[in-house]
Amino acid sequence: MLQQKQSATISYTGIETPIGLVFAAFSRGALYRISSGTETEFLQNISPTAGEVPIRADSILNDYARQILAIFTGDTPAHLPLYLGTLTPFQQKVLNMTAKIPRGQVRSYGWIAQAIGSPNAHRAVGTALAQNPLPFVIPCHRVVRADGQLGSYSGGGTAVKARLLTLEEVPVAQAAGKFIVPKPFEPIYQP
């Protein structure tokens, strides 16, 4: 007798944060995806694998929601397992280095490239950060262009990136319609 394969479930919740409503999805006991925007957009972008069914589970995910909210207020989450298994080794290196940038500080794409041992890969770093499934948690908003311009942000656009940096007391200015962080803003990388 054949047994049917049990489908996995993606549980998700909405969290009211200082930048507005953020949705977070969990699968197999780890944070799988987080983003701002509408619930419909979020569900379209979580890309479940075959057999996975997204289910809203606000009350079940209360503890995780509190931990995610803590990120926005400057506290460190107690234990928030992250799932990065769908990313390449290069993307994982970029995100692991990005996770080390302290709150209230920024680094450039080139700094990240040098820090991971690929000094000429600043554009590839930008591409990896654009595919960050866990913005806010892995703080890619703390990575800016070498000239201080904020650049894009996978967590909701440049205005959201500026708002997050402002919440962290990073000085952000607007000039000629672009958000910038005044230089100097990063130390020289030393392994």
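The values are calculated or read from the model by the stated rules, or taken from the named source; none is laboratory data. As the structure is a computational prediction, the values presented were derived from the model and not from experiment. Note that we place each Cβ from the backbone using ideal geometry, even for glycine, and neighbour counts take in every protein chain shown. SASA here: full protein model, heavy atoms, side chains in, ligands and nucleic acids out. Shrake-Rupley method; radii C 1.70, N 1.55, O 1.52, S 1.80 Å.
Checking each residue in segment 85-106 for being over 24 Å from Glu169 (Cα atoms) and charged (D, E, K, R) picks out only Lys93.
Of everything in segment 65-89 that is in a helix (DSSP H, G or I) and open to solvent by 60 Å² or more (accessible area, probe 1.4 Å), the residue that is modelled with the highest pLDDT is Pro89. Restricted to segment 100-191, the set of helices (runs of 4 or more DSSP H) holding at least 1 residues that are touching a helix residue (DSSP H, G or I) at 6+ places or on another chain (Cβ under 6 Å) and among the hydroxyl-bearing types (Ser, Thr, Tyr) comprises 109-115.
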